[in-house]
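Heads up: the structure comes next, in structure tokens.
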Amino acid sequence: MDLSIIDFVLAALAALLAGAVNALAGGGTLITFPMLTFLGVPAVMANVTNTVALCPGYFGGTLAQMKDLQGQKNRLWLIVPASILGGVLGGFLLLQTGEKLFKDLVPYLILLASGLLAIQDPVRAWLIKRMGEGHGVRLEKLSWLPVGLASIYGGYFGAGLSVIVLSALGLTLEDTLTRLNALKQAVAFSVNIAAATFFLFSGQVLWSAAAVMAIGALIGGALGGKLAGKIKPSTLRWTVVTIGVIVAIIYFVRG
């Protein structure tokens, strides 16, 4: 499909804002995906294009936390393959869903993602409490299972994936929140790259929009990094949650 110059500008601005939001609080997909559908891109194609476009941002986030991944090689060998398989399976399920069914599911997926974003702070508080109590349960060898299940969701839609992955890691691993965050970033990157690679052969990527959005997301991520500490993440997070709920209601009304 063909987009106008104005459409490209709107897509780029949405990606720029999403990149900044992801760097500060998460939930950028709740901005870019609705924008693409607003521009007339079919729901499945919009989701696929969004996944491909945001890959550079996940790569940058993983590089930024590389030092916190040191000493976690065994964990990465355990959970990254599960993340890749989950991402591919989620992408496969998306392409099998069909345009009409996925369009019907969109408002529910957006509400789910908004809910996951809303509970991010309680999840972090639970993780900090759990690590502080020093529970002796060692389930590292099973960490691939909850991470793999979360990755399927990530390959299918992706918004709110970070919260699910962080919770999954907290169930099976004992470590500092900083190191778990680094693992979470590696998982999110693996899921996104795996799904995006699978989508390359689907014929559902709107490449012109993906290219413009990728540049916007990179710039937005850099801006978000510079704004860190100047904008309260919780305020931004609840703003995105509110936007997500409003967008979901609009989808419900439009049918």
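The values are calculated or read from the model by the stated rules, or taken from the named source; none is laboratory data. Worth saying up front: this structure is predicted, and the values here are computed from it rather than measured. Positions of Cβ are generated from backbone atoms using ideal geometry, with glycine treated the same way; all protein chains shown enter the neighbour counts. What goes into the accessible areas is simple: the full protein's heavy atoms, side chains included, and nothing from ligands, DNA or RNA. Shrake-Rupley method; radii C 1.70, N 1.55, O 1.52, S 1.80 Å.
Key figures
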item	result
Filter result for Val205 (open to solvent by less than 50 Å² (accessible area, probe 1.4 Å) and in a helix (DSSP H, G or I))	no
Extreme residue, nearest to the chain's Cα centre (by Cα), among residues of region 165-175 that are surrounded by fewer than 21 Cβ atoms within 10 Å (Cβ to Cβ) and in a helix (DSSP H, G or I)	Ser167
Residue in region 42-54 that is open to solvent by 20 Å² or more (accessible area, probe 1.4 Å), touching an Asp or Glu at 6+ places or on another chain (Cβ under 9 Å) and free of Cβ contacts under 8 Å to residues at least 40 places away in the same chain present	no
Filter result for Ala210 (small (Gly, Ala, Ser) and either within 25 Å of Gly115 (Cβ to Cβ) or loosely packed, with under 15 Cβ neighbours inside 10 Å (or both))	no
Leading residue by the ranking (least open to solvent (accessible area, probe 1.4 Å)) among those in region 176-187 that are outside any loop (DSSP other than H, G, I, E, B) and of a type in the set (Val, Ile, Thr)	Val187
Residue within region 227-235 that is among the basic types (Lys, Arg) and either closer than 18 Å to Thr62 by Cα or open to solvent by less than 50 Å² (accessible area, probe 1.4 Å) (or both) present	no
Region 1-23, subset in a loop (DSSP other than H, G, I, E, B) and modelled with pLDDT under 85, residue least open to solvent (accessible area, probe 1.4 Å)	Met1
Residue satisfying condition, being modelled with pLDDT under 95, under 23 Å from Ile5 (Cα atoms) and either under 17 Å from the mean Cα position of the chain (by Cα) or charged (D, E, K, R) (or both), within set Ala217, Ala196	Ala217
Every residue from region 12-38 that is of a type in the set (A, V, I, L, M), closer than 17 Å to Ala214 by Cα and more than 12 Å from the chain's Cα centre (by Cα)	Ala12, Leu13, Ala14, Ala15, Leu16, Leu17, Ala20, Met35, Leu36
Any hit, region 242-253, residues being of a type in the set (Phe, Trp, Tyr), at pLDDT 80 or above and under 17 Å from the mean Cα position of the chain (by Cα)	no
Those residues of region 59-93 which are of a type in the set (S, T, N, Q) and open to solvent by less than 20 Å² (accessible area, probe 1.4 Å), in sequence order	Thr62, Gln72, Ser83
One residue from Ser114, Ser151, Ser190, Ser162 being modelled with pLDDT under 85, assigned to a helix (DSSP H, G or I) and crowded, with 18+ Cβ neighbours inside 10 Å	Ser162
